[in-house]
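Colleague: Structure incoming, see below.
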Amino acid sequence: MVHHPTDSEELLWQYLRGKRLLGVQFRRLVPLHGFIVDFHASSIKLAVEVDGGWHNEHTHLDAARDRKLRAVGVRVVRVSAEQVCDATPTVLGRIRAWLVVCVLPKASRRRCEPATTIGFNSMLRRCLTECARQGLFRDVPTDVR
């Protein structure tokens, strides 16, 4: 099956490709545990799904899929196609917040200190500062904080 990206997927890809978002490598249309996700950052096990059209009618299927992916350690952030087109900076902020959640160890997140993982320190400092300034952590579920 050939997938032709929607306008919203194409727009979001312009921000995610080539490590443009905080230096994290995303791939597009990745087969993952029996599913194909729109965007995937394998280094931090984060999938980004753009929902629109079909997804609006099948939220129960998306929820089951998300549970299966979480069971194998993949976190899923869902954004609506409408948000991507109409509020791109907000969507990118949500994804940045998730990047911080996925990268920082829990103890470091509680103290708001960057992890000592080589290569992530400067990215995390920038991300933490920007996410805190925009108040984006309130959107992240408490089970992953």
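The values are calculated or read from the model by the stated rules, or taken from the named source; none is laboratory data. As the structure is a prediction and not an experimental result, all values here were calculated from the model. A quick note on method: Cβ atoms are made from the backbone with ideal geometry, for glycine too, and the neighbour counts reach across all protein chains shown.
Colleague: Name the residue that is modelled with the lowest pLDDT, counting only residues in region 1-21 that are aliphatic (A, V, I, L, M) and surrounded by 13 or more Cβ atoms within 10 Å (Cβ to Cβ).
Modeller: Applying the filter and picking the extreme gives L21.
Colleague: Within region 107-114, is there a residue that is in contact with a helix residue (DSSP H, G or I) (Cβ under 6 Å, 6 or more places away or on another chain) and modelled with pLDDT under 90?
Modeller: Yes, region 107-114 contains at least one residue that is in contact with a helix residue (DSSP H, G or I) (Cβ under 6 Å, 6 or more places away or on another chain) and modelled with pLDDT under 90.
Colleague: So, restricting to helices (runs of 4 or more DSSP H) that lie completely within region 40-90, which ones have at least 2 residues that are at pLDDT 90 or above?
Modeller: Of the helices (runs of 4 or more DSSP H) lying wholly inside region 40-90, those with at least 2 residues that are at pLDDT 90 or above span 59-71, 81-86.
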